[in-house]
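The values are calculated or read from the model by the stated rules, or taken from the named source; none is laboratory data. Computed from a prediction, not measured in an experiment: that's the story for all the values here. Methodologically, a virtual Cβ is constructed for each residue, glycine included, from the backbone with ideal geometry; neighbour enumeration extends over all protein chains shown.
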Amino acid sequence: MGIRKRKIFYYAKPSDNHLATRMSSINDMTQTDAIIFDLDEVLVDNVSCHTEATRLVLERYVSGPFLRDDADPQYMGMRVSDMIKDLMTIHHIPQEFFGDMYRERQRLFVDLVKRHGKSMPGVREITELVLDLRLKKAVASSGSFEYITLCLLQLGLESYFDVVVSGENLHRGKPDPETFLVTAQQLALPEEHCVVLEDAAKGVIAAKAAGMRCIGVHYSGSNAMAKQDLSKADIEVNSLFEITKEMLLG
């Protein structure tokens, strides 16, 4: 049974002429017009929810120890649908169960996030800084639109972003640059005028392939498995607290 085809989700606010004027003056000096945030482990810390939801689903289909699960670092930044397909191949689960596994995993995950979701340290400070700079703001996540919306509501940022893009329904997920290219398109900006905040190696590769500057934000939570090699980023920081105006504006 396959997963039913769904619409590609994105949200974009109407343009603001006053903001556009201000953006133009900033761009003349810095070439930075927008900040694009990844979601997981940049704005929210839901590593344990991801791991638990996948474990619960795998237990229904796999007898014996897991050969690999959600905690594997290679899945950081990957779309859930791509991860599920890979886990099914590794554990020899027939592909006909993909739709059921995907839907159940997402249902469990959203329920866990509703009960245990939390923000990353420094979210308030970085969002206020970007707001003060009057740059455009976007979220570009591999997660589903339902999940992104839930997290933004929990953070109190449901009205903060100009554009929200879910990569789950695009043709290709990170490390392919499509998620970021679509985001720049919805922002109506050249890719090189966008700066991406990413915590995952796949996300950094995607941002650079899209022609964007990238700040690699090392995971500051308790799950050591979530730490990634971000050496391909233009700048690396240990937390959102370390990001300065100069880093954003280049």
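Looking across segment 77-90, not a single residue is without any contact (Cβ under 8 Å) to a residue 12 or more places away in the chain and at positive phi. When the criteria are applied in full, Lys232 meets the requirement of being charged (D, E, K, R) and in a loop (DSSP other than H, G, I, E, B).
What is the residue count in segment 171-191 for residues that are in a helix (DSSP H, G or I) and over 19 Å from Arg134 (Cβ atoms)? Talk me through it step by step, then tell me what you get.
Of segment 171-191, the ones in a helix (DSSP H, G or I) are 178-187, 191.
So of that shortlist, the ones also over 19 Å from Arg134 (Cβ atoms) come out as 178-182, 185, 191.
Going through segment 171-191 one residue at a time, the tally reaches 7.
To keep it simple, each residue is scored yes or no on (1) touching a Cys at 6+ places or on another chain (Cβ under 9 Å); (2) surrounded by fewer than 18 Cβ atoms within 10 Å (Cβ to Cβ); (3) touching a residue at least 24 places away in the same chain (Cβ under 8 Å).
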residue	(1), (2), (3)
Glu59	no, yes, no
Tyr75	no, no, no
Glu96	no, yes, yes
Gly99	no, yes, yes
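For segment 57-84, taking the residues that are within 19 Å of Ser141 (Cβ to Cβ) and assigned to a helix (DSSP H, G or I), the one that is modelled with the lowest pLDDT is identified as Pro73.
Within segment 118-149, being crowded, with 19+ Cβ neighbours inside 10 Å and closer than 24 Å to Ser81 by Cα holds for Ala138, Val139, Ala140, Ser141, Ser142, Gly143, Ser144, Phe145, Tyr147, Ile148.
Take the residues of segment 41-56 that are touching a Leu at 6+ places or on another chain (Cβ under 9 Å) and outside any loop (DSSP other than H, G, I, E, B): which is nearest to Lys114 (Cα to Cα)?
Cys49
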